[in-house]
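A short reminder: the numbers here are calculations on the coordinates, not readings from a lab. These numbers were taken from a predicted model, which means no experiment stands behind them. Reconstructed Cβ throughout: ideal geometry from the backbone, glycine too, with neighbour counts over all protein chains shown.
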Amino acid sequence: MSTNTTEPVLVADAGAVRTLTFNNPSRLNAFDAAGFRAFTKALDDAASNEAVAVVIVEGSGKAFSSGVDLRALAEPGTDNADFGDAFAPLIVALVEFPKPLIAAVHGAAVGIGLTMLLYCDVVYVAEDARLRAPFTSLGTAPEAASSWLLPKVIGTQRAAELILSARWLSGVEAAAYGLATAAVPADQVQARASASAEQIAANIGPAVLAAKRLLRHGWADEARAAVQREDDAARELIRELGSFARKFTTT
């Protein structure tokens with residue numbers, strides 16, 4: 001593991017398994033623009049490294065990821081467009097990631113902390129984890145193609161209920177819904193993810209890559225189209241909510 005603990009994403013190799021650890025524990029691993037860029041680079045580096053067969057993603061401290069760092073986004077002088085410029089390549093990296101991607105989830109997984117799980121091939125979640133798609137509570141549109149991926153993964157009605165209500169989902173529910181492979185005690189999450197990664201890495205590499213391509217066939221184009229729809233909806237919401245706010249303040 002990197003000895004520079006200020007890095008937004010730590011990288012550690014154990015044989016052919018690479019672990020990427022989100023490293024902003026004081027903010028529950030919330031992402032600012034630098035964090036998005038670091039995660040994108042880490043995925044791209046793993047994808048191009050022939051020695052890496054499987055990648056695990058996890059969070060440091062008390063949470064997997066609390067999503068976008070809203071406090072950083074609200075700071076004076078922050079270029080909001082920079083967040084978008086950093087976020088878009090991350091979604092491309094997730095869509096195109098060619099190797100098995102395993103998530104080890106504990107604590108909170110909110111926003112991108114939840115939606116990135118839709119790109120993972122195997123997800124182990126702590127039974128007491130708490131997951132949330134908060135978009136309607138924040139006045140924005142779903143992100144990261146979750147408006148298409150979440151119904152595909154867990155079913156239309158369950159996805160609608162989670163996105164429309166913005167309620168919390170427990171780790172046990174996430175596994176029951178099919179959003180996670182299994183819910184396990186919190187102290188076993190990393191071990192289960194590592195054991196799964198090692199088992200996958202022990203198989204024949206080209207066959208594993210071919211299997212992932214086949215399992216994910218057609219997802220990339222659909223995800224890109226969904227991202228475009230979501231971006232369009234988010235821009236329209238900004239206009240609508242701005243108009244609403246102006247009307248409210250003048251009445």
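Summary table
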read-out: Test result for Thr21, more than 18 Å from the chain's Cα centre (by Cα) and touching a residue at least 12 places away in the same chain (Cβ under 8 Å); value: no
read-out: Residue in region 215-229 that is among the charged types (D, E, K, R) and either in a loop (DSSP other than H, G, I, E, B) or closer than 19 Å to Ile56 by Cα (or both) present; value: yes
read-out: Selection count where residues are more than 21 Å from Thr5 (Cα to Cα), assigned to a helix (DSSP H, G or I) and touching a residue at least 40 places away in the same chain (Cβ under 8 Å), scope region 44-72; value: 3
